[in-house]
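A.B. asks: Sharing a structure here in C-alpha cells format.
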Amino acid sequence: MRWLLYILVFLALLVLAGFLFPRVATTERSVYIAEPPQVVFPHLNNFRNFNQWSPWYQLDPQAEYTYEGFPEGNGAVMKWHSDDPSVGTGSQTITASEPYSHIAMDLDFGAQGKAKSEFKLQSQGSGTNVTWSFSSEMGGSPVARWMGLLVEKMVGKSYEEGLQKLKTVVESQDEPADSTSPTSEEAVPAGPSAIEPEEIDPGMENEILEEDEIEEPDTDGDALEEFEKEELP
C-alpha cells in the first residue's frame with residue numbers, strides 16, 4: 001500500500017506543479033541573414049514562397065496546399081492537408097503586415113487548437129535579424145500546461161530548422177537587377193566624346209585632290225617688285 005501512496009503523492013505534485021506553469025506557451029528563435037529587409041520580406045509575406053524553406057514540407061511532400069484571399073500581405077491564407085500526423089491539417093492567415101519589419105499570423109490546427117505566430121525583421125548592418133515567435137493559449141488545466149512545455153520545445157526546434165533554411169534560400173538567390181542602370185540590351189546614348197566622323201568615300205577623296213590646284217609660294221620675287229612700284233610717287 002505504501003508504494004500506491006507514493007504514486008498518489010507524486011501525481012498530486014505533478015498537478016500542483018502544472019498550475020505554476022504559464023497559461024500561454026511561447027517560444028521564439030532568431031537568425032541573421034546577410035541581405036537587407038527588403039530582400040527577406042517577400043519570402044515571408046507571400047505563402048506561395050513558404051514551402052521553399054518550411055521545416056515541415058519535407059515531412060510529407062505529398063501534402064495538399066491551397067491558397068485563398070490576397071496573394072500576399074494582410075488577408076492571405078494558406079491551408080494544408082496531410083495524412084501524416086506530424087503535418088496534419090490546418091491553416092495560417094496573415095492578420096498584419098508592415099513592409100520590411102513585421103508580419104503577424106493566426107494559426108488554426110483544427111482539433112489540436114489555435115495559436116499565433118509573428119515575424120520581426122530588424123536591420124542590422126548590411127543584413128537582417130529575423131525573429132520568428134509562437135504563442136498558444138493552453139488553458140487552465142495543469143495537464144495542458146505541462147503539454148505547453150512540450151509544445152514549446154518541439155516548435156522551437158522546428159523554428160530553428162526553418163530559419164536556417166530561410167537563410168540559405170535568401171542568401172543563395174541572385175542579386176536583383178538595378179533598374180536605374182541600363183542593361184546590356186539597352187542602347188546607351190553617346191555623348192559628344194563618343195561622336196565619330198563619318199567615313200569618306202575614297203573615290204571622292206582622290207577626286208578632290210586631283211581637281212584642286214595647290215598654290216606654291218612665290219619664290220621669284222615678282223610680288224616684292226610690284227609692291228615697291230606702288231610705293232614710288
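The values are calculated or read from the model by the stated rules, or taken from the named source; none is laboratory data. It should be emphasised that the depicted structure is a prediction, and the values quoted were computed from it without experimental measurement. So basically every Cβ, Gly included, is an ideal-geometry build from the backbone, and we count neighbours across all protein chains shown. When the accessible area is computed, the model is the full protein with side chains, heavy atoms only, and any ligands, DNA or RNA have been set aside. Shrake-Rupley method; radii C 1.70, N 1.55, O 1.52, S 1.80 Å.
A.B. asks: Of all residues in segment 53-63, how many are modelled with pLDDT of 95 or more and of a type in the set (S, T, N, Q)?
C.D. replies: 1
A.B. asks: Another question about this same structure. Return the total of residues in segment 108-128 being in a strand (DSSP E or B) and either open to solvent by 40 Å² or more (accessible area, probe 1.4 Å) or of a type in the set (Lys, Arg) (or both).
C.D. replies: 8
A.B. asks: Out of the residues in segment 24-39 that are crowded, with 18+ Cβ neighbours inside 10 Å and closer than 17 Å to MET105 by Cα, which is nearest to the chain's Cα centre (by Cα)?
C.D. replies: ARG29
A.B. asks: Restricting to segment 53-81, count the residues that are touching a strand residue (DSSP E or B) at 6+ places or on another chain (Cβ under 7 Å), part of a loop (DSSP other than H, G, I, E, B) and either of a type in the set (Gly, Ala, Ser) or farther than 26 Å from VAL40 by Cα (or both).
C.D. replies: Total meeting the criteria: 5.
A.B. asks: Among the residues of segment 89-107, is there at least one that is hydrophobic (A, V, I, L, M, F, W, C), part of a strand (DSSP E or B) and in contact with a helix residue (DSSP H, G or I) (Cβ under 6 Å, 6 or more places away or on another chain)?
C.D. replies: Yes.
A.B. asks: Looking only at segment 40-58, count how many residues are under 23 Å from PRO85 (Cα atoms), loosely packed, with under 15 Cβ neighbours inside 10 Å and in contact (Cβ under 8 Å) with a residue 12 or more places away in the chain.
C.D. replies: Result for segment 40-58: 2.
A.B. asks: Of SER123, SER133, which residue is modelled with pLDDT of 95 or more and closer than 13 Å to ALA25 by Cα?
C.D. replies: Among SER123, SER133, only SER133 is modelled with pLDDT of 95 or more and closer than 13 Å to ALA25 by Cα.
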